[in-house]
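Below: the structure, in structure tokens.
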Amino acid sequence: MNTSPIIASDRLMEIVEECARLVDSHEWLREDPASVAFEPLPSLLDQIRLITEETAAEAEPIRLVHHLACTGGTLFSRCLAAMPNTMMLSEVAPHSRLGGGRSGNRFFPTDLARLVRMSLSGSSVGLETDIFLAGLRPVMAYCRSRGMRLVLRDHAHSMFCSDDWPSDAPALGRLLGSDHATRAVVTVRHPLDSFLSLRVNRWVHFTPGTLEEYAGRYHSFLDEYQGLDLYRYEDLVSDPDVVMGLVCASLELPCIEHFEALIGIQHLSGDSGRTGNRIAARERRDIPEDLQAELGDAPRYRSLCERLGYPPD
């Protein structure tokens, strides 16, 4: 469409005049430039960089692996730690009371929350939460600056299988989920095998120390993390490549071939359960007579097996 040069010129003048009126309506633009507080350029760049980093932090979730003790969690975690650009922090439980207390001569020079708890003033769930979250921030920034992915292995045993967990302390997934994007999975093992291992390791930290009590606590753990993708230890040792491919997909992690060759170099807190470097099934421990008698009348245990897809016997 052709436009007359005169009409175009008139329209241009209208635009210029409109812009002048808009400028004139802002008092601060007519002041002496030296008296106007403009933000210096470096500060603006810092703000842009901060906004970019915060956005990137939200875009990259914290990965969580939830399991109870003696359920094959060490093997799952070592496999995940072998994946590229992954930082695995093992046995995370900000409010755990296991492993030491106010009395005794245990040495905790790097555990600020525990040192506060052992002081005469004592601690609180709120203070321990603040210490944990404050310590987590630089770890997240470190991972972000190096293109790494952060995975936290939840020491859920401290909450669900210990009588000393503070009643007002939240589970790890609930604690982090309110402030951070997360991706999480649950891993399990046949409850009879895990309970037998708890007894052998003397990790029955609840009363009464029965299979039925354990089953009830296991149900509570599953209720807390209901809806998350769930993976079984027995399936992992049967087909590690397929299962770890699915676990990594759930956590949005890359999964490399031949990761099994790398699990031997992964040293995690909590490695007491799995010391070998070969992924293979293990025979069930012998069942003591008292536990055999308990299996005859154990409705919560049987419902747990049904919930997880295991035969109870």
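A few notes on this one:
- Taking the numbered list (1) within 20 Å of the chain's Cα centre (by Cα); (2) not in a helix (DSSP H, G or I) in turn, L127 passes all entries but (2).
- Restricting attention to the range 90-128 and to residues that are basic (K, R) and either within 30 Å of R78 (Cβ to Cβ) or surrounded by 13 or more Cβ atoms within 10 Å (Cβ to Cβ) (or both), the residue that is modelled with the lowest pLDDT turns out to be R106.
- Odd one out for A261, checked against (1) out of contact with any Gly (no Cβ under 8 Å at 6 or more places or on another chain); (2) in contact (Cβ under 8 Å) with a residue 40 or more places away in the chain: (2)
- Given (1) modelled with pLDDT under 95; (2) buried (at least 19 other Cβ atoms within 10 Å of the Cβ); (3) over 24 Å from the mean Cα position of the chain (by Cα), number of the condition F195 does not satisfy: (1)
- Every pair of residues 6+ apart whose Cβ atoms lie under 7 Å, when the first sits in the range 300-313 and is more than 8 Å from A215 (Cβ to Cβ) and modelled with pLDDT under 95 while the second is among the aromatic types (F, W, Y) and surrounded by 18 or more Cβ atoms within 10 Å (Cβ to Cβ): P312/Y301
- Any hit, the range 244-265, residues being at pLDDT 95 or above, touching an Asp or Glu at 6+ places or on another chain (Cβ under 7 Å) and closer than 30 Å to P170 by Cβ: yes
- Members of the range 285-313 found to be part of a helix (DSSP H, G or I) and within 18 Å of R199 (Cα to Cα), listed by number: E289, D290, L291, Q292, A293, E294, L295, Y301
The values are calculated or read from the model by the stated rules, or taken from the named source; none is laboratory data. The structure displayed is predicted, hence computed values, not measured ones. Every residue, glycine among them, receives a Cβ derived from its backbone with ideal geometry; neighbour counts consider all protein chains shown.
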